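Below: the structure, in structure tokens.
The values are calculated or read from the model by the stated rules, or taken from the named source; none is laboratory data. Since the structure is predicted, the reported quantities are computational estimates derived from the model, not experimental observations. Note that each Cβ is placed from the backbone with ideal geometry, even for glycine, and that neighbours are counted across all protein chains shown. When the accessible area is computed, the model is the full protein with side chains, heavy atoms only, and any ligands, DNA or RNA have been set aside. Shrake-Rupley method; radii C 1.70, N 1.55, O 1.52, S 1.80 Å.
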Amino acid sequence: MRASRTAPTGVERRFGDDELIVTKTDPRGVITYANEVFLRVSALTEAEIVGQPHNIIRHPGMPRGVFDLLWETLRSGSEMFAYVVNLAADGAHYWVLAHVTPSVDAHGKLLGYHSNRRVPEPAAVAAVRRLYDELLAVEARHSRPADAVKASRAALAAQLAAAGQTYEEFVWSLTPEGAAA
């Protein structure tokens, strides 16, 4: 399963503050459902996206280390909130505040994942972009993807430790509710 080969255009796409992007995947991350907002923002049709790996919308400006943290958190059975930049099929990008949760049956068996995404605050995107640019620079110093992920995770952990925060605390500190606390 490979990420999109679409080249980013630098054009930013937005969606409404009152809209949610919703997708569901199977346990391997293959999309089983996408709502109309997702289809519109990603410039994909339902036929093009259902059955495809979710990383089809991975933007090259999204650090691998953050995705590694996301998957580690999900595999542990926990939910995660994360700032993510995605790549639409036409090369536009869009920022989201994602809430990803494991979906389980009545016996606790993993059925897949459910993700709701909302529009992030512009100030939050600016702060996240600075952090992600630093992580991408760390990743770029490594030719092997596994080494890049490991170095990115270490750099992220160091940044968060210096701030006395977990990633989730960092995420919420950038929301209007968290900034007021």
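Farthest toward the positive end of the dipole of the chain, out of ALA148, ASN35, SER78, is the Cα of ALA148, where the dipole comes from beta carbon charges about the Cα centre.
Could you tell me which label, among (i) 13.4; (ii) 11.5; (iii) 11.0, carries the value of mean projected area of the Cα convex hull in nm² calculated for this structure? Of the labelled values, this structure produces (iii). Working from Cα pairs under 8 Å separated by at least six residues, relative contact order for the stretch 1-68 is 35 percent. For the chain, averaging the sequence separation of C-alpha pairs within contact (under 8 Å, six or more residues apart) and dividing by the residue count gives a relative contact order of 23 percent. Per residue, the chain exposes 52 Å² of accessible surface when a 1.4 Å probe is rolled over the protein heavy atoms with every protein chain present. One chain, two ends: ASN116 and ASP133. Fully extended at 0.36 nm per residue, the span grows by 3.7 nm beyond their Cα-Cα distance. Between VAL104 and VAL37, the C-beta separation translates, for a Förster distance of 35 Å, into a calculated FRET efficiency of about 0.90. Phi angles of the stretch 70-82 translate, via the Karplus equation with coefficients 6.51, -1.76, 1.60 and θ = phi - 60°, into HN-Hα couplings of 4, 5, 4, 5, 5, 4, 7, x, 9, 7, 8, 9, 8 Hz per residue; Gly and Pro are given as x.
Checking every one of the trypsin sites (Lys or Arg not before Pro) in the stretch 32-124 against DSSP loop status and a limit of 11 other Cβ atoms within 10 Å picks out LYS109.
The accessible area of SER103, taken with all protein chains in place and a 1.4 Å probe, comes to roughly 40 Å².
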